1. Could you tell me how many of the residues in the stretch 66-86 are assigned to a loop (DSSP other than H, G, I, E, B) and either within 24 Å of residue 112 (Cα to Cα) or touching a residue at least 60 places away in the same chain (Cβ under 8 Å) (or both)?
2. Would you check if there is a residue in the stretch 45-60 being assigned to a strand (DSSP E or B), without any contact (Cβ under 8 Å) to a residue 12 or more places away in the chain and of a type in the set (A, V, I, L, M)?
3. For the stretch 25-42, which positions are on the phi < 0 side of the Ramachandran plot and open to solvent by 30 Å² or more (accessible area, probe 1.4 Å)?
4. Would you point out the residue of the stretch 46-85, among those that are open to solvent by 40 Å² or more (accessible area, probe 1.4 Å) and of a type in the set (S, T, N, Q), that is farthest from residue 110 (Cα to Cα)?
5. Regarding the stretch 1-20, can at least one residue be identified that is in a loop (DSSP other than H, G, I, E, B), among the hydroxyl-bearing types (Ser, Thr, Tyr) and modelled with pLDDT of 95 or more?
6. Looking only at residues in the stretch 93-114 that are within 11 Å of the chain's Cα centre (by Cα) and farther than 13 Å from residue 22 by Cα, which one is most open to solvent (accessible area, probe 1.4 Å)?
Amino acid sequence: MSKRILVLLILAACMHGAVAAMFEGRVFLDANRNGEYDAGEAGMADIVVSDSDNVVKTDANGWFKLESRAKKPLLWIMRPSQHEPTTPFWMHGREGVVHEFGLAPQPQKKDFMF
């Protein structure tokens, strides 16, 4: 087998595993702390969302789209300071589902001791 054919076979195998799926959702300010998005609750901009391989930030309305190689990736958000999650901060991604992450204000002390 020639080197050229071997290289093409390796590239084809790599591309087969790189098929991506799109996952989307929103991060919202859970005003009533019920863990569910309700009409009138605002989206939160610039919140980091990841599947541990890819990282995106939410748009001005709190929406994100993340492309992942995994069929059921573990999606998670980075909690901003002065906020706490009202929903789990991670979940398994499913295609065609809107993944919703809720956050509520939570004052935090500036002092930190390790």
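1. Of the residues in the stretch 66-86, 6 are assigned to a loop (DSSP other than H, G, I, E, B) and either within 24 Å of residue 112 (Cα to Cα) or touching a residue at least 60 places away in the same chain (Cβ under 8 Å) (or both).
2. Yes - at least one qualifying residue is present in the stretch 45-60.
3. 26, 29, 31, 32, 34, 36, 37, 38, 39, 42
4. 54
5. In the first step, residues of the stretch 1-20 are kept if they are in a loop (DSSP other than H, G, I, E, B); the result is 1-2, 18-20.
Right, trim to among the hydroxyl-bearing types (Ser, Thr, Tyr) and you get 2.
Filter again for modelled with pLDDT of 95 or more, leaving none.
No - not one qualifying residue is present in the stretch 1-20.
6. Going through the qualifying residues, I end up with 100.
The values are calculated or read from the model by the stated rules, or taken from the named source; none is laboratory data. These numbers come from a predicted model, not from an experiment. Heads up, the Cβs are rebuilt from the backbone with ideal geometry, glycines too, and the neighbour counts pull from every protein chain shown. Note: areas computed on protein heavy atoms with side chains; ligands, DNA, RNA excluded. Shrake-Rupley method; radii C 1.70, N 1.55, O 1.52, S 1.80 Å.
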